[in-house]
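Inspection log for the structure reproduced underneath, given as structure tokens.
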Amino acid sequence: MSDKTPASPTRDPPWLKWTLIGVALFYVLVVLMAPLLAVFIEALRKGEAAFFAAFQEPAAFSAIQLTLLVTAIAVPLNTVFGLAAAWAITKFDFFGKSFLTTLIDLPLSVSPVISGLVYVLLYSIHGWFGPFFIDRGIEIIFAVPGIVLATTLVTFPYVARELIPLMQQQGTDEEAAAATLGAGPWRTFFLVTLPNVKWALTFGVLLCTARAMGEFGAVSVVSGHIRGLTSTMPLHVEILYNEYNFVAAFAIASLLALFALVTLGVKAVLESRFEAELAAAERT
Amino acid sequence: MSVTDASASAKRWRFREPSALGGFWPSFSFVVLYLSIIVLIPLAALALRPWELGLEGVWRVVSSERTVAALKLSFGAAAIAASVNAVFGTIVAWALVRYEFPGKRVIDALVDLPFALPTAVAGIALASIYAPNGLIGAAFAPHDIRIAYTPVGVMVALVFIGFPFVVRAVQPVLADLDRDVEEAAATLGASRWRTISQVIWPAIAPAILTGFALAFARAVGEYGSVIFIAGNIPMVSEIAPLLIVIKLEEFDYAGAAAIGLAMLCVSFVMLFLLNGAHALMTRRGAA
């Protein structure tokens, strides 16, 4: 009899293990790492001076400003919406609830171009409501309000989707107890519900912000690409790239990529620290 | 108990169940108003405006050679890219759940990069890598294989954009899979291959399909990461969302809406079929 312990029947042999790890690493390297590295390499190709020059241009400055403005409007709106939707859907039973839940997921499976197109169909000069607003001097398409609307449509599921599974799981016991003890709805919400979901809320707001700052397709359709006026950062990247100003395009792109990396870092920390409070298992 | 049961079954239809909590009507009406402005009315415009062209006009737009070629490319490349990700995404998920290796946490965090990186940034980066003088493109160029500015380039971009879906769908299922079941199978004399094909595969197959469907749906409508690498040659490497943009630039709003509506309809039919397949698989897995 050999005194070697037999290999565990559920463990893969080392050659298979390392082959699979190798394939996985190679795939991640080619598909994910290569484009990420390319952004920074191309941005610094002509040295630091050229890199920083890209940010000195007034058009770049106004693109950054517009992106921040749009994000600062769309994200709070979608946060309030997400909280209200999660409150109505998870704390009450009503007719049409599953329809409402499906509707919230809708933008995730609709092309961003279509998300922009629908607003052009409504608010452009040939749209249903466009002439009404334009007669009153309010430009929506090819102007900032259209960019805000399109960004809001594309990013509104993120907060609600983080909150709904978690609040479903938490049920209504704590809120019912608070209500029985005489707390009003607002007090119950701020003192009971909100503290229970604070990390999921943070998580949702983070994802929503990342998407809002980077949205391209929907915004590109409604913006009209007016340089210095209706160009967000991703649109400015496109303009520079099409002008063969590659270093500047990649310089602005690297700022967006840096923000994406920070998002991923914060996300990883939140997930490992507050796994239970994020209802990670429920998320698909 | 029985009294309340009887009264519950006999009760009239109600819009909502009674609750001790307040705040239903304010939150509900806000949600409905918000959804109407942001989603429902705009979608109604998409559903109605194509018919300004008349039935025949819509058909002419949708069945034109250029539209059909664009739709074929968008749906075909999306299906291939999602299949590639179904295979490799499952391997990545398996490696992340089952093995320990250096850099594992970084890789795990990096999986979500395509969610976080703006699509235009991904687009110009991919175009620069796969161009004939780029990092990867240069390796293929001597063999006369071109990736950027061909349909293959479209596929490469869609593989990038669909990367997270299969990994994130399979990962939790694999992690929840009880090692005991595998051990039991092995103890009962099943070979490793049999354990994988009859114990592990039925458990993760529905998750792979879910990931495939999500990656596919996302890829069909993708725009930003594709247009830079595609070259956008009509009939060859022009995707359907780009055709919508072109129609809009020509102020052909009804035509643009017709293509958008056609895309949505095909997507919904495909997602419906995939959902059906998913239901069938989970039922068989449970039986």
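The values are calculated or read from the model by the stated rules, or taken from the named source; none is laboratory data. The structure displayed is predicted, hence computed values, not measured ones. Positions of Cβ are backbone-derived with ideal geometry, glycine not excepted, and every protein chain shown enters the neighbour counts.
When B:Gly137 is tested against (1) in contact with an Asp or Glu (Cβ under 6 Å, 6 or more places away or on another chain); (2) more than 9 Å from chain A (Cβ to nearest Cβ), only condition (1) is not met.
Across segment A:88-127, which residue is nearest to the other protein chains (Cβ to nearest Cβ) among those that are under 19 Å from the mean Cα position of the chain (by Cα) and not in a helix (DSSP H, G or I)? So, considering only residues that are under 19 Å from the mean Cα position of the chain (by Cα) and not in a helix (DSSP H, G or I), the one nearest to the other protein chains (Cβ to nearest Cβ) is A:Ser111. With the requirement that a residue be among the hydroxyl-bearing types (Ser, Thr, Tyr) and within 8 Å of chain A (Cβ to nearest Cβ), what does segment B:150-199 give you? Matches in segment B:150-199: B:Thr187, B:Thr195. Just one of (1) farther than 19 Å from A:Ala85 by Cβ; (2) away from chain B (no Cβ under 12 Å); (3) among the charged types (D, E, K, R) fails for A:Glu215. It is (2). For segment B:140-221, the helices (runs of 4 or more DSSP H) that sit wholly inside it and include 1 or more residues that are under 30 Å from A:Gly214 (Cβ atoms) are B:151-176, B:201-221. Within segment B:127-144, if we keep just the residues that are among the aliphatic types (A, V, I, L, M) and under 19 Å from A:Phe26 (Cβ atoms), the residue that is surrounded by the fewest Cβ atoms within 10 Å (Cβ to Cβ) turns out to be B:Ala139.
Considering only residues in segment B:107-132 that are at the interface with chain A (Cβ under 7 Å from one of its Cβ atoms) and among the β-branched types (Val, Ile, Thr), the one that is nearest to A:Val154 (Cα to Cα) turns out to be B:Thr119. Note on segment B:70-88: residues that are closer than 25 Å to A:Ala218 by Cβ and either of a type outside the set (Phe, Trp, Tyr) or facing chain A (nearest Cβ under 7 Å) (or both) total 12. Taking every residue in segment B:220-241 that is touching a residue at least 60 places away in the same chain (Cβ under 8 Å) and more than 17 Å from A:Pro35 (Cβ to Cβ) and pairing it with any residue that is among the aliphatic types (A, V, I, L, M) and surrounded by fewer than 24 Cβ atoms within 10 Å (Cβ to Cβ), at least 6 positions away or on another chain, the pairs with Cβ-Cβ distances below 6 Å are B:Met235/B:Ala69; B:Ile239/B:Leu73; B:Ala240/B:Leu71. When B:Ala256, B:Ala217 are checked against the criterion of being over 30 Å from A:Ile125 (Cβ atoms), at pLDDT 85 or above and in contact with a helix residue (DSSP H, G or I) (Cβ under 8 Å, 6 or more places away or on another chain), a single residue qualifies: B:Ala217.
Residues in segment B:89-106 that are within 8 Å of chain A (Cβ to nearest Cβ), in contact (Cβ under 8 Å) with a residue 12 or more places away in the chain and crowded, with 19+ Cβ neighbours inside 10 Å: 3 in all. Given the structure, is A:Phe142 free of Cβ contacts under 8 Å to residues at least 12 places away in the same chain, more than 30 Å from A:Asn196 (Cβ to Cβ) and not charged (D, E, K, R)? Here the answer is no, as A:Phe142 does not meet what is asked. Take the conditions part of a helix (DSSP H, G or I) and out of contact with any helix residue (DSSP H, G or I) (no Cβ under 9 Å at 6 or more places or on another chain) and apply them to B:Leu242. Does it pass? Judged against the criteria, B:Leu242 is not a match.
Of all residues in segment B:156-188, those that are basic (Lys, Arg) and surrounded by 14 or more Cβ atoms within 10 Å (Cβ to Cβ) total 1.
With respect to the conditions (1) at the interface with chain B (Cβ under 10 Å from one of its Cβ atoms); (2) part of a helix (DSSP H, G or I), A:Ala183 falls short on a single one, namely (2). The selection criterion, being in a helix (DSSP H, G or I), over 25 Å from B:Arg66 (Cα atoms) and of a type outside the set (Val, Ile, Thr), does not hold for B:Gly260.
Restricting A:Leu201, A:Leu256, A:Leu206, A:Leu240 to those that are out of contact with any Phe, Trp or Tyr (no Cβ under 7 Å at 6 or more places or on another chain), at the interface with chain B (Cβ under 8 Å from one of its Cβ atoms), assigned to a helix (DSSP H, G or I) and surrounded by 15 or more Cβ atoms within 10 Å (Cβ to Cβ) reduces the list to A:Leu256. With respect to the conditions (1) surrounded by 14 or more Cβ atoms within 10 Å (Cβ to Cβ); (2) under 18 Å from the mean Cα position of the chain (by Cα); (3) within 17 Å of B:Phe75 (Cα to Cα); (4) away from chain A (no Cβ under 12 Å), B:Gly211 lacks only one, and its number is (4). Every condition in (1) under 21 Å from the mean Cα position of the chain (by Cα); (2) surrounded by 15 or more Cβ atoms within 10 Å (Cβ to Cβ) is met by A:Val262 except one, and the failing one is (2).
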